[in-house]
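A short write-up of the structure that comes next.
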Amino acid sequence: MTGPSQASPSTMVRIIHVALTVAPVFVIAALWIAFSGRTIAPALGGVVGYAVYLGCAAVFALGFWWRTRIPSRAGGLPEADYWRATMSKALLLWGTLEAVVMVAAAIAILAGQAAVAGVALMIYLTLMLLSSPGRLAGE
């Protein structure tokens, strides 16, 4: 009797990337629908909110820099070996970007600034597109 077959590392990376890209869209949309037009936490619209936004912008910039530190796949290196070597760096990048957009969007929506949440989501989606598995591997 043979055990279950395992997905290749490149397939797992693609699945994880899609999940981490799509999940914030649904969560932010649910928050927007639930709280649109209402200011739940007015204190977040002032200095505290802008300090958090500045921190989130810094982490987005760090993520953009971190993406440049993930090497492309060398010509003769099999894709599975490439992802075994770089999967942790990619997951760290994607997970950090997802956490930042969730914090920024949640604070923006609770502060009654839905447009700021939309901007954060667009920046996040752009960074996730720029760091997709195909782009990281140099395909």
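The values are calculated or read from the model by the stated rules, or taken from the named source; none is laboratory data. Nothing here was measured: the structure is a model prediction, and the numbers come from that model. Backbone-built Cβ (ideal geometry, glycine too); neighbour counts: all protein chains shown.
Determine, yes or no, whether Ser88 is of a type in the set (Ser, Thr, Tyr), under 11 Å from the mean Cα position of the chain (by Cα), surrounded by fewer than 19 Cβ atoms within 10 Å (Cβ to Cβ) and at pLDDT 85 or above.
So Ser88 does not fit the description; no.
Which of the residues that make up the range 91-100 are under 8 Å from the mean Cα position of the chain (by Cα) and either among the basic types (Lys, Arg) or farther than 17 Å from Val25 by Cβ (or both)?
Matches in the range 91-100: Leu93, Thr96.
Might you check whether a residue that is touching a residue at least 40 places away in the same chain (Cβ under 8 Å) and hydroxyl-bearing (Ser, Thr, Tyr) occurs anywhere in the range 45-52?
no
Out of all the residues in the range 54-74, is one or more among the polar types (S, T, N, Q), out of contact with any Asp or Glu (no Cβ under 6 Å at 6 or more places or on another chain) and within 18 Å of Gly134 (Cβ to Cβ)?
The answer is yes, given that some residue of the range 54-74 is among the polar types (S, T, N, Q), out of contact with any Asp or Glu (no Cβ under 6 Å at 6 or more places or on another chain) and within 18 Å of Gly134 (Cβ to Cβ).
How many residues does the range 128-139 hold that are part of a helix (DSSP H, G or I) and surrounded by 20 or more Cβ atoms within 10 Å (Cβ to Cβ)?
Here the count works out to 3.
Here's a check for you: in the range 41-76, which residue that is aliphatic (A, V, I, L, M) and surrounded by 13 or more Cβ atoms within 10 Å (Cβ to Cβ) is farthest from Ser10 (Cα to Cα)?
By that ranking, first place goes to Ala41.
Only one of (1) touching a residue at least 60 places away in the same chain (Cβ under 8 Å); (2) assigned to a helix (DSSP H, G or I); (3) not polar (S, T, N, Q) is not met by Leu92, so which one is it?
Of everything listed in (1) touching a residue at least 60 places away in the same chain (Cβ under 8 Å); (2) assigned to a helix (DSSP H, G or I); (3) not polar (S, T, N, Q), Leu92 misses just condition (1).
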